[in-house]
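The values are calculated or read from the model by the stated rules, or taken from the named source; none is laboratory data. Quick caveat, the model's predicted, so the values are computed rather than measured. Cβ coordinates were reconstructed from backbone atoms using ideal geometry, including for glycine residues, and neighbour counts include every protein chain displayed.
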């Protein structure tokens with residue numbers, strides 16, 4: 001079985017070969033070690049000097065099959081670096097093992113935010129990071145190297161609620177779709193019936209990203225333990241005579257990420273975002289008996305009333321929907 005161990009400077013040739021094996025999968029990528037990446041000749045020492053760490057994945061025969069590094073970035077953020085797995089082992093889970101190791105080290109060292117850069121050509125890597133709860137963050141970086149590389153910035157907080165801009169919402173689609181599907185499967189009253197096709201979930205969040213770009217919605221993401229586990233959306237009323245109104249659309253928390261206080265934290269933050277946008281009268285709806293109903297009442301939401309038979313349930317029954325409102329300028 002492949003084992004993970006601290007990297008050594010003597011691994012240099014194997015690491016250079018591994019990186020090239022990954023880079024050569026993409027057109028236009030070139031490698032000039034001594035001209036552009038001389039640190040690869042002694043990578044363990046390089047990261048030690050940066051107060052970071054380097055790991056390699058070693059096969060029983062001694063072959064190096066993967067690598068990863070991490071080091072302090074700024075304040076309490078740590079950067080995840082040099083994530084490479086032999087192309088023959090893509091999909092084997094080795095990348096997850098490596099990333100688990102680096103993230104755990106960074107968090108134990110005080111990281112409250114994790115960041116990384118990825119070449120815009122490396123679409124497979126982007127899907128991997130996005131499935132691991134990283135989202136696009138900030139502008140594209142120009143490297144001015146021989147490969148004419150451009151890089152996307154990715155980031156995720158360890159435990160925090162954040163507003164997602166258009167790029168972040170779009171790149172969060174894999175995790176947001178998984179959250180939506182898990183909640184629908186559990187019977188949540190969120191427009192859809194199980195089983196939810198992946199394409200339908202993707203379309204839902206792609207439309208949300210367009211609405212964020214148009215300024216008609218704010219999408220919040222909630223992370224717990226480095227996992228994007230919850231979301232809630234604030235939709236602004238388009239009516240000219242309702243500039244003070246907005247609706248809270250579909251609080252969703254992955255069943256696997258509950259009991260971390262995400263739902264309450266998401267609701268607290270969505271109210272903050274509404275106030276900042278001048279929207280002081282909020283409305284929402286939920287299925288009668290949904291656990292979120294208790295949370296809404298505890299947070300001061302008032303029931304308007306209920307409509308029996310408003311939504312279809314997975315078993316064919318029609319269920320009751322409860323409507324709530326809350327003013328924020330009288331608190």
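Just a yes or no: is a residue in segment 292-310 over 20 Å from residue 175 (Cα atoms), in contact with a helix residue (DSSP H, G or I) (Cβ under 8 Å, 6 or more places away or on another chain) and modelled with pLDDT under 95?
Yes: segment 292-310 contains one or more residues that are over 20 Å from residue 175 (Cα atoms), in contact with a helix residue (DSSP H, G or I) (Cβ under 8 Å, 6 or more places away or on another chain) and modelled with pLDDT under 95.
Considering each residue of segment 260-280, count those that are surrounded by fewer than 17 Cβ atoms within 10 Å (Cβ to Cβ), more than 21 Å from the chain's Cα centre (by Cα) and outside any helix (DSSP H, G or I), and give that number.
2
Which residues, counting only those in segment 32-77, are out of contact with any strand residue (DSSP E or B) (no Cβ under 7 Å at 6 or more places or on another chain) and touching a residue at least 60 places away in the same chain (Cβ under 8 Å)? Give the steps one after another, and end with the answer.
Just the residues of segment 32-77 that are out of contact with any strand residue (DSSP E or B) (no Cβ under 7 Å at 6 or more places or on another chain), to begin with: 32-42, 45-46, 48-49, 60-63, 74-75.
Once the filter is applied, which keeps residues that are out of contact with any strand residue (DSSP E or B) (no Cβ under 7 Å at 6 or more places or on another chain) and touching a residue at least 60 places away in the same chain (Cβ under 8 Å), segment 32-77 yields 32, 35, 36.
Can you tell me how many residues in segment 242-259 are surrounded by 16 or more Cβ atoms within 10 Å (Cβ to Cβ) and not in a helix (DSSP H, G or I)?
The total comes to 11.
When the residues of segment 287-300 are narrowed to those that are part of a loop (DSSP other than H, G, I, E, B) and under 29 Å from the mean Cα position of the chain (by Cα), which ends up farthest from residue 266 (Cα to Cα)?
290
State whether one or more residues within segment 320-328 are in the same structural domain as residue 217 (by TED's automatic domain parsing), surrounded by fewer than 12 Cβ atoms within 10 Å (Cβ to Cβ) and touching a residue at least 12 places away in the same chain (Cβ under 8 Å).
No, segment 320-328 contains no residue that is in the same structural domain as residue 217 (by TED's automatic domain parsing), surrounded by fewer than 12 Cβ atoms within 10 Å (Cβ to Cβ) and touching a residue at least 12 places away in the same chain (Cβ under 8 Å).
Hey, does segment 184-191 have a residue that's surrounded by 18 or more Cβ atoms within 10 Å (Cβ to Cβ), part of a helix (DSSP H, G or I) and in contact with a strand residue (DSSP E or B) (Cβ under 6 Å, 6 or more places away or on another chain)?
no
Given the conditions (1) touching a helix residue (DSSP H, G or I) at 6+ places or on another chain (Cβ under 8 Å); (2) over 28 Å from residue 315 (Cα atoms); (3) buried (at least 19 other Cβ atoms within 10 Å of the Cβ), report the number of the one that residue 181 does not fulfil.
(2)
Looking at segment 102-131 only, could you name the residues that are in a helix (DSSP H, G or I) and over 18 Å from the mean Cα position of the chain (by Cα)?
105, 108
When only residues in segment 78-101 that are part of a strand (DSSP E or B) and either in contact (Cβ under 8 Å) with a residue 60 or more places away in the chain or outside the structural domain of residue 127 (by TED's automatic domain parsing) (or both) count, which is surrounded by the most Cβ atoms within 10 Å (Cβ to Cβ)?
Taking the candidates together, the pick is 85.
All but one of (1) surrounded by fewer than 19 Cβ atoms within 10 Å (Cβ to Cβ); (2) not in a loop (DSSP other than H, G, I, E, B) hold for residue 194; state the number of the condition that does not hold.
(2)
Filter segment 65-77 for residues that are surrounded by 20 or more Cβ atoms within 10 Å (Cβ to Cβ) and farther than 21 Å from residue 123 by Cα and give the result.
Answer for segment 65-77, where residues must be surrounded by 20 or more Cβ atoms within 10 Å (Cβ to Cβ) and farther than 21 Å from residue 123 by Cα: 70, 71, 73.
For segment 1-19, give me each residue that is under 24 Å from residue 145 (Cα atoms) and either outside the structural domain of residue 62 (by TED's automatic domain parsing) or within 28 Å of the chain's Cα centre (by Cα) (or both).
Within segment 1-19, 18, 19 meet the criteria.
Against the definition (touching a residue at least 40 places away in the same chain (Cβ under 8 Å) and either touching a strand residue (DSSP E or B) at 6+ places or on another chain (Cβ under 9 Å) or not assigned by TED's automatic domain parsing to the domain that holds residue 165 (or both)), how does residue 275 come out, yes or no? Explain how you work it out, then say what you get.
Working: touching a residue at least 40 places away in the same chain (Cβ under 8 Å): yes; either touching a strand residue (DSSP E or B) at 6+ places or on another chain (Cβ under 9 Å) or not assigned by TED's automatic domain parsing to the domain that holds residue 165 (or both): no.
The answer is no for residue 275.
Among 209, 239, 235, which is in contact with a strand residue (DSSP E or B) (Cβ under 9 Å, 6 or more places away or on another chain), in a helix (DSSP H, G or I), closer than 21 Å to residue 277 by Cβ and at pLDDT 95 or above?
209
In segment 22-42, what count of residues is obtained for those that are farther than 18 Å from residue 53 by Cα, more than 28 Å from the chain's Cα centre (by Cα) and in a helix (DSSP H, G or I)?
Summing the residues that are farther than 18 Å from residue 53 by Cα, more than 28 Å from the chain's Cα centre (by Cα) and in a helix (DSSP H, G or I) in segment 22-42 gives 4.
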